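Shown next, in structure tokens, is the structure this report addresses.
The values are calculated or read from the model by the stated rules, or taken from the named source; none is laboratory data. Keep in mind that what you see is a predicted model, and the values were worked out from it rather than measured. Here the Cβ positions follow ideal geometry from the backbone for every residue, glycine too, while neighbour counts run over all protein chains shown. For the accessible areas, the whole protein counts, side chains as well, though only heavy atoms, and no ligand, DNA or RNA atoms are used. Shrake-Rupley method; radii C 1.70, N 1.55, O 1.52, S 1.80 Å.
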Amino acid sequence: MPILCKSNCGNKAVLKRPKTADALCKECFFAAFEAEIHHTITSSKLFRHGEKVAVAASGGKDSTVLAHVLKLLNERHNYGLELVLLSIDEGITGYRDDSLETVKKNRDDYEMSLKILSYEELYGWTMDRIVAQIGRSNNCTFCGVFRRQALDRGAKLLGVDSIATGHNADDIAETVIMNILRGDTARLSRCTDIKTGGSEDSIPRVKPLKYTYEKEIVMYAHYKKLVYFSTECVFAPNAYRGHARAFLKDLEKVRPSVIMDIIHSGEQLRFKDTVKKPTRGICERCGFVSSQQPCKACVLLEGLNRGLPKLGIGKKSKGDRMIANQEKEMALRDKANLVKNDF
Amino acid sequence: MCSIGEDDFGDEGGVHSMIPDVKTSQPQLSIDNDILCNKCKQPGATYKLAFREPECKECFLNYVRHKFRAALGSSKVLPKNANVLLVFDCSAQSLVLLDMLHHAQTQNTFKRLHCNATVLYIDDYQMHIDGECSPEYEKHLKDVQSTCSTYEHFDCYILPLVKTDTVNDLIFNLKYLPEEYSANVDKHKSQFKELLNCMRSLTSKQDFIKHYRSKVIGLAAKHFQCQFAFKADISSDLASDLLAAIALGRGGSAALDVALVDNRLDDDIKIVRPLKDLTEEEINLYVIAQNLKLLEQRSYGSDFGPSASLQNLTKAFVEDLQQNYSSTVSTVFRTGSKIASQMDEKSELCCVFCKSVLDYKDSNTLLAIEFSRIVSECGIKTEDISELSMEAHKHVEGDIEGRDLTKVCHACRNIYADSSNKDILLL
């Protein structure tokens, strides 16, 4: 006997919602999925009427669904938002070049303007060249730090009021676990925030998919026949994060509600007054938001340009020593040239 | 978009530098008696801990005992001549705690730990036996009796973990254990098992037992007029407890699950964890050094495999990660020590079952959970979102199916939802 949709609409159920274990038909699933995101947006007051919002688009499932749903809800509930797509081209051959094609397709499908900013034009380096310099051990650090700033630069360029990212509930739960495993209290205290930044000198970032399960995003994209790019970054695999991800998936098998429970736990954590909190300021060199001077992006870039790619990795004192040694060597070389010229 | 390495999400070099340890064979007990102890320079440095130089038995024992004394001393938690209930659970660490406390009390006046300790064995072994108590159980009781009898300094008692509101009639001195004890346990056991069977998942059962156990400790401490209850949790236990608490949605009270002092119990009774800084390796070496006889310990559900519950899975995950990343336990444990408890504002705003501060007020996440449940039932007929939101809000506030859950925290509501006995939390 076929299982009927939980909502008593009379249709046959085609899926079991991973989040609530309810059997739903396709149409009711769409309605529930969209209503939940709408509820998240309104209850957390993510946007204001008339705002311009950049959707951080990578061509992956999360950002594709986010762009689709935001457009749909914007029209359905009259948010009055101007939505634009913002993509970052890290310069990773065989990954980003292909995924950007998907973003271009999204641009056409959703009739949104698209701005692509590349690492090459912003920093003079592509990730391919960075990996060739530093190898594969710390490449994600460069990519992540540069991307964060690139999104800020893009948002400033487009004059948007906020950036919407496709981080889903699984991403946030995984980050809570990761930050506990690494003892990173600063990030632990803010990784569950649905809205970050937003002080007078920074553009806020919002996560409308904060309470949306990854599995449901995949189901939604599948049943809606949305075009997305699903290849993992060629440089991404990292053993330690893989452990946390696998752990979360195992937990989810035992109790599907665990993802929301972990987010709830993360939100309830309070830290002792003795725990050092980072203070957000502005980088003196580039003028973008940073909790240190100069910002991490500037240090990493300086390292690449000086031929000292490990400069921004590890302790600052180690980096300072590296610079001092290099300058000493340069001075010696200059001195040697001087002597030679005298002859 | 890939979120690795972004400021809020990933790291700035941290996680990618977390590479598995290079395996080095490090014998815990060397057989070479000629090595000099790094501390006292005498031969016989047979005790070797990771990150420490080899040392002799006496220096090793001084080192671990100091950790125990320092935990109590630096926090000044224990007033002079306080009454202490030592909770014994047959684990290696509780044997070590018993031995250390015994040693601390038999020192000369200057070094003696001035407190009056009573030992209590909470007998949960019987829960693992189906039907009437067996010869296996009788043997276990004899073993516990014989272990406790070696510490003459203490009065040792036994209390079965059963459904009860009062413990006065159930506590017996281990020295004079009446013959009808097993039969008495049989009588109460089935009731408690019935209670456990009301819950569908092992996760809920283990969570329930953990907090019920705390309640029983509180009742027993009150019975013996003890203001403090010592538990033998060590750093690896606390690391998995912290992660399990996070997975269960107990983030608000996780700090107290791993802190030196847990003040959630009624009547101002405090649970103290003086071994919290000890590692598993130190416990194992201490057992060898003191030639302690290990007892069989069973914890409920641990033999069902790692994927049977969130708690089993978390324990297996931490143990597994510790194999390759030796700083796992200490990092998680240190993270726990940075979390503040919310009990300062202790009032009637506590959960009736676990006694943690209620955590549902103004929680958008819980609102999203309840909204999901409601909107799934409406499906395509979803029209007025604000009405559904109001309904979800009522559920978050504890008005569920006409039941008043206003004094139950989120994680305990999960136990409630998993149970067919709707009075389970109001024991």
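Identify, from the list B:Ala340, B:Ala316, the residue that is closer than 30 Å to A:Arg187 by Cα, in contact with a strand residue (DSSP E or B) (Cβ under 6 Å, 6 or more places away or on another chain) and either among the charged types (D, E, K, R) or surrounded by fewer than 22 Cβ atoms within 10 Å (Cβ to Cβ) (or both).
Numbers: B:Ala316 fails: in contact with a strand residue (DSSP E or B) (Cβ under 6 Å, 6 or more places away or on another chain).
Criteria check complete, one pass: B:Ala340.
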Exercise for review: Please state which one of B:Leu170, B:Leu195, B:Leu219 is of a type in the set (A, V, I, L, M) and open to solvent by 30 Å² or more (accessible area, probe 1.4 Å).
Suggested key: B:Leu219
Practice item. Being under 21 Å from A:Cys283 (Cα atoms) and of a type in the set (Asp, Glu) is the filter here, so list the residues in the stretch A:121-159 that pass it. Key: A:Glu121, A:Asp152
Point to revise | Scope the stretch B:406-424; condition surrounded by fewer than 22 Cβ atoms within 10 Å (Cβ to Cβ) and more than 14 Å from chain A (Cβ to nearest Cβ); matching residues | key: B:Thr406, B:Lys407, B:Ser419, B:Ser420, B:Asn421, B:Lys422, B:Asp423, B:Ile424
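Condition first: of a type outside the set (A, V, I, L, M) and either part of a strand (DSSP E or B) or more than 7 Å from chain B (Cβ to nearest Cβ) (or both). Now tell me which residues in the stretch A:226-252 satisfy that. Give the steps one after another, and end with the answer.
If we filter the stretch A:226-252 for residues that are of a type outside the set (A, V, I, L, M), which is where we start, we get A:228-233, A:235, A:237-238, A:240-243, A:245, A:247, A:249-250, A:252.
Once the filter is applied, which keeps residues that are of a type outside the set (A, V, I, L, M) and either part of a strand (DSSP E or B) or more than 7 Å from chain B (Cβ to nearest Cβ) (or both), the stretch A:226-252 yields A:Tyr228, A:Phe229, A:Ser230, A:Thr231, A:Glu232, A:Phe235, A:Pro237, A:Gly242, A:Arg245, A:Lys249, A:Glu252.
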Check your understanding: Which pairs have Cβ atoms under 8 Å, sit 6 or more apart or on different chains, and link a residue in the stretch B:191-214 that is within 21 Å of B:Gly249 (Cα to Cα) to one that is open to solvent by 30 Å² or more (accessible area, probe 1.4 Å) and of a type in the set (A, V, I, L, M)?
Key -> B:Ser201/A:Val254; B:Leu202/B:Ala308; B:Thr203/A:Val254; B:Tyr212/B:Leu427
Practice item. Select from the stretch B:180-207 the residues that are assigned to a helix (DSSP H, G or I) and within 16 Å of B:Ala411 (Cβ to Cβ) and list them in ascending order. Key: B:Leu202, B:Thr203, B:Ser204, B:Lys205, B:Gln206, B:Asp207
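Answer yes or no as to whether B:Leu141 is open to solvent by 20 Å² or more (accessible area, probe 1.4 Å) and touching a helix residue (DSSP H, G or I) at 6+ places or on another chain (Cβ under 8 Å). Walk me through it before giving the result.
Values: open to solvent by 20 Å² or more (accessible area, probe 1.4 Å): no; touching a helix residue (DSSP H, G or I) at 6+ places or on another chain (Cβ under 8 Å): yes.
Judged against the criteria, B:Leu141 is not a match.
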Review point. Restricting attention to the stretch A:1-52, and to residues there that are open to solvent by less than 60 Å² (accessible area, probe 1.4 Å) and part of a strand (DSSP E or B), which single residue is nearest to the other protein chains (Cβ to nearest Cβ)?
Key: A:Leu24
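I'd like the full set of residues that are more than 8 Å from chain A (Cβ to nearest Cβ), touching a helix residue (DSSP H, G or I) at 6+ places or on another chain (Cβ under 8 Å) and either open to solvent by less than 70 Å² (accessible area, probe 1.4 Å) or touching a residue at least 24 places away in the same chain (Cβ under 8 Å) (or both), limited to the stretch B:349-391.
Taking the stretch B:349-391 as the starting set, the residues that turn out to be more than 8 Å from chain A (Cβ to nearest Cβ) are B:349-358, B:360-362, B:370, B:374, B:383-384, B:386-387, B:390-391.
Next cut, touching a helix residue (DSSP H, G or I) at 6+ places or on another chain (Cβ under 8 Å) only: B:351-357, B:360, B:370, B:374, B:391.
The answer is B:Cys351, B:Val352, B:Phe353, B:Cys354, B:Lys355, B:Ser356, B:Val357, B:Tyr360, B:Glu370, B:Ile374.
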Check your understanding: Only one of these conditions is not met by B:Gly249: (1) away from chain A (no Cβ under 14 Å); (2) outside any helix (DSSP H, G or I); (3) in contact (Cβ under 8 Å) with a residue 12 or more places away in the chain. Which number is it?
Key -> (1)
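Residues of the stretch A:281-314 being β-branched (Val, Ile, Thr), at pLDDT below 85 and closer than 17 Å to A:Asn325 by Cα, which ones?
Let us first name the residues in the stretch A:281-314 that are β-branched (Val, Ile, Thr), namely A:282, A:289, A:299, A:313.
Of the ones still in play, those that are also at pLDDT below 85 are A:282, A:289, A:313.
Within the stretch A:281-314, A:Ile313 is the sole residue that qualifies.
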Review point. Could you list, in sequence order, the residues of the stretch A:143-155 that are under 14 Å from A:Arg96 (Cβ atoms) and more than 10 Å from the chain's Cα centre (by Cα)?
Key: A:Cys143, A:Phe146, A:Ala150
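For A:Ile88, state whether it is within 13 Å of chain B (Cβ to nearest Cβ), out of contact with any strand residue (DSSP E or B) (no Cβ under 8 Å at 6 or more places or on another chain) and crowded, with 18+ Cβ neighbours inside 10 Å. Full working, then the answer.
Numbers: within 13 Å of chain B (Cβ to nearest Cβ): yes; out of contact with any strand residue (DSSP E or B) (no Cβ under 8 Å at 6 or more places or on another chain): no; crowded, with 18+ Cβ neighbours inside 10 Å: yes.
Judged against the criteria, A:Ile88 is not a match.
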Exercise for review: Go through the stretch B:203-214 and count every residue that is surrounded by 20 or more Cβ atoms within 10 Å (Cβ to Cβ) and either within 14 Å of another protein chain (Cβ to nearest Cβ) or of a type in the set (D, E, K, R) (or both).
Suggested key: 5
Study note, to complete from the structure: For the stretch A:146-199, the count of residues that are under 24 Å from A:Leu114 (Cα atoms), modelled with pLDDT under 90, at the interface with chain B (Cβ under 10 Å from one of its Cβ atoms) and outside any helix (DSSP H, G or I) equals 2
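Residue-wise test of (1) away from chain B (no Cβ under 14 Å); (2) part of a strand (DSSP E or B); (3) farther than 22 Å from A:Leu308 by Cβ; (4) hydroxyl-bearing (Ser, Thr, Tyr).
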site	(1), (2), (3), (4)
A:Thr93	yes, no, yes, yes
A:Glu101	yes, no, yes, no
A:Asp109	yes, no, yes, no
A:Cys140	no, no, no, no
